[in-house]
Amino acid sequence: MEYQAATKCLHLKERENVEKAFGAISFPIYQTATFAHRGVGESTGYDYSRLKNPTRDQLERTVAALEKGTDAIGFSSGMAAIGAVMELFHPGDHVIIDADLYGGSVRLFKNINVKNGISFTRIDLSRQDVSDYITDKTRAVFLETPTNPMMHVTDIQKLAEITRNKGILLIVDNTFLSPYFQNPLELGADIVVHSGTKYLNGHNDAIAGFTVVRDEELKERLRFVYKTTGACLAPFDSWLILRGIKTLALRVEKAQENAFRIAKWLKEQKKVTKVLYPGLEEHPGYEIMKKQCRGFGSMLSFEVESEELAKSILNKVKLIQFAESLGGVETLITYPAIQTHADVPKEERLENGITSRLLRMSVGIEDAGDLIMDLEQAFYSE
Ligand SMILES: *Cc1c(COP(=O)(O)O)cnc(C)c1O
């Protein structure tokens, strides 16, 4: 019998010997760079912390269990994880990416990977047929769902049928929903990536990233990139993320409840011209979300009637913080046009609907009434 996700956040089936030795409930931090050998050709299983560290191992096993993969790797950031995945490709390879992606991923693809001979085609995977864009050079499709910040939803299972037939990799950045609400590997994806900085950690106090796979060969290839390029997650930060994950279930459930309340309040405001939250029935991705996820998350975007109002809201919020990032217990609001998506060319940004009137919220776990009261004064106070 397999544990449910909320239990897996706290307990792995394989209890550690080390935990047993002293009965420690919190997994120890192995703050060591290297490990002594018992004899020639004998290893404890750990040689050097860039390759493997017991605290990071425990975290990786937890993330693999939550994502229903066989191997997770803990990186020093989400970008390091995505960068490592891109090392799987060679000059001449072609990758199809979704038109609406985290700005840092766009910057990586356009400035680093292109320089190394990889080419990209941007399409709206939630609307366009990927088959029309696959060539004999295409090696992978990379997407987020729901997307950042436009909340487009793509049917992962449908896409996976196509990529599998063509023998190309399907890579899903699952940061926005966390493994608690969505498991792309189960839907046919080959690689899941995460910014562990966001919901997995959940406390806005550490940076981390993950890759998760099921396939043995992919596991070996990614582990090789990992030990060679070295963007490993430190023992203490591994412990922080492990601690954060303990409350993942409670946090994302409460944040989702708050997001629903805020989305409904926003819909009633005349000054709001658009509310993008995939939990609203009128959202174009609602039915797909219901089919492929166990929840709708707590990210939402909305458009207001003018740029002046958008800026004034950012200046006036008090409880809600005007800050980048997402997925933490504190509610944050950001301005994608000049923050997270500043590195996306203006035409692409506007084509995607990221106007100067669009704001994005990462809803936290505060009292929903307090959050709405703060929005109310930010919208209407002189
Ligand atoms: C934040 C983020 C990243 C990058 O992760 P870092 O931990 O900041 O390096 C990648 N994808 C998405 C969707 C993100 O929100």
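Taken together, the values in this text are just the output of simple stated rules run on the coordinates, not laboratory data. It should be emphasised that the depicted structure is a prediction, and the values quoted were computed from it without experimental measurement. Backbone-built Cβ (ideal geometry, glycine too); neighbour counts: all protein chains shown.
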Contact order normalised by residue count of segment 218-314, Cα under 8 Å, 6+ apart, percent:
25 percent
Measure up Lys115/Lys291; Lys219/Lys254; Lys198/Lys318 against 28 Å on the Cα-Cα distance and list the ones that go over.
Lys115/Lys291; Lys219/Lys254
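Go through 158-167, 327-336 and give me the packing order, highest mean Cβ count within 10 Å leading.
Details: 158-167: 15.2, 327-336: 22.0.
Answer by packing, highest mean first, reads 327-336, 158-167.
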Taking all pairs of distinct Cα atoms, average 1/r, flip it, and tell me the Kirkwood hydrodynamic radius of segment 1-146 in Å to one decimal place.
18.6 Å
Can you pull the three principal axis extents for the Cα set of segment 101-230, in Å, largest first?
43, 34, 30
Using amide H atoms built in the peptide plane, which far-off residues or other-chain residues are under 5 Å from Asp71 H to H?
Val213
Suppose we take every Cα in segment 247-382 and form the convex hull; what volume per residue is that in Å³?
112 Å³
Label-point gap, in nm, between Leu309 and Glu42 - each point 7 angstrom along Cα→Cβ:
7.3 nm
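Quick check: convex hull of the Cα atoms in segment 215-296, volume per residue, rounded to a whole Å³? Before the final figure, lay out each step's value.
Numbers: hull volume 15.0 nm³, N = 82.
Looking at segment 215-296, the number lands at 183 Å³ per residue.
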Amide H of Phe120 versus every other amide H placed in the peptide plane: which residues, excluding those fewer than 5 positions away on the same chain, fall under 5 Å?
Val95
In bins 10 Å wide, starting from 0, what share of all Cα pairs of the chain does each bin hold, as a percent?
5, 24, 32, 24, 12, 3, 0, 0
In segment 1-96, with Lys and Arg counted as +1 and Asp and Glu as -1 at Cβ, which of these residues, Ala72, Ala33, Ile82, has the Cα nearest the positive end of the dipole, that is, farthest along it?
Ala33
What residues qualify as long-range amide H neighbours of Ser356, i.e. H under 5 Å apart, gap of 5 or more or another chain, H built at 1.01 Å from N?
none
